[in-house]
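Data first, discussion second: the structure below is written as structure tokens.
The values are calculated or read from the model by the stated rules, or taken from the named source; none is laboratory data. Bear in mind that the values here come from a model prediction, so they are computed numbers and not experimental data. Cβ sites come from the backbone with ideal geometry, for glycine too, and all protein chains shown count toward neighbours. These accessible areas exclude ligands, DNA and RNA; they are computed on the full protein's heavy atoms, side chains included. Shrake-Rupley method; radii C 1.70, N 1.55, O 1.52, S 1.80 Å.
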Amino acid sequence: MSEPTQIAPEPESVPLPDVLVLPAEYFFIEKVEVPAALSPAELSDFAELSMEAVSPFPLDQLRWGFLSAPDGKHLLIYAALKDRLKLAGHAELESYTWVLPDFTTLNGARFTRDTEVVLEGEQYATSFLLPSGGGLPESIQSLPAGSCSFCNPDQSIHLKLLPVELSELGIPTFKFETLGKAPADGLWSPLEPDESSLWNADIRPRNFKTVERSARRTTSLVTRIMGYAAIFAIALVVLEGVVIAGEFWLGSRTAKIDEQASNVRRVEDKH
């Protein structure tokens, strides 16, 4: 007799994180100067034109984004090949709340002197220089994880990104574990980026981001309206309870007055 066929149990599905952080290994990166006459509203268009100018590939084959310098004078534009991300297992980017290069998670970090940051990932370590006072990362390079031979312990900080938490509005907070020695002062954890810079840094297609941003705003508005409606309903229930309690108290008071009135009439009749 042949043995019964054993069906292997299906592997448990691992939930996707809310934020996909990709190592700098996947990206080519350029720093471009912003024309003085350019308004903040025109940055996205300028970044797209700059990417078309420096990339040897059409934009529809890329996943790209950009960071803006605090003074608005420079942009850091970066792009990864869509096919390379797919080969690495990152085909369904639409499933995430945010898709960002690892070096963008430290956007807004500040140190009192030029500091080399080493951001340790699962497979790659990303090293870059942050100028004193904050600014765009410079000299970005990627090495295998655990390779820190290029670190200068006196002028560097070694960090590991902790699991990312999202607010009710979907805004992430980036927290870092400091590995080894850290500078005496500075700001690098936690970091709470603004929504506009997050959408610029996200590498998914511009059309997708426009639709998704509108959908999230609509969802947020509906959620707030439902919250206000729930609060209003609770207030109505409480008010109704107060009215019922008041009517009960008033009825008891009236009954007591009527009872006392009959007693008064009996006393008067006796007199």
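The table below gives the values:
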| item | result |
| --- | --- |
| Interchain or long-range residues, amide H under 5 Å from G108's placed H | G135 |
| Per-bin percent of Cα-Cα distances, region 159-216 [5 Å] | 4, 15, 21, 21, 15, 12, 7, 4, 2 |
| Dimensionless Rg/Rh of region 17-165 - Kirkwood Rh, Rg from C-alpha atoms | 0.96 |
| Cα gyration tensor of region 38-96 - equivalent ellipsoid semi-axes, whole Å, descending | 25, 13, 9 |
| Accessible area per residue, Å², region 60-122 with all protein chains present, probe 1.4 Å | 44 |
| Of all accessible heavy-atom area on region 53-129, the percent that carbon and sulfur account for (1.4 Å) | 48 |
| Relative packing of peptides 189-196, 203-210, 125-132 - highest average C-beta neighbours within 10 Å first | 125-132, 203-210, 189-196 |
| Vicinal HN-Hα couplings computed from phi for region 40-50 (Karplus, 6.51 cos²θ - 1.76 cosθ + 1.60; Hz; Gly/Pro x) | x, 5, 9, 5, 4, 5, 5, 4, 5, 5, 5 |
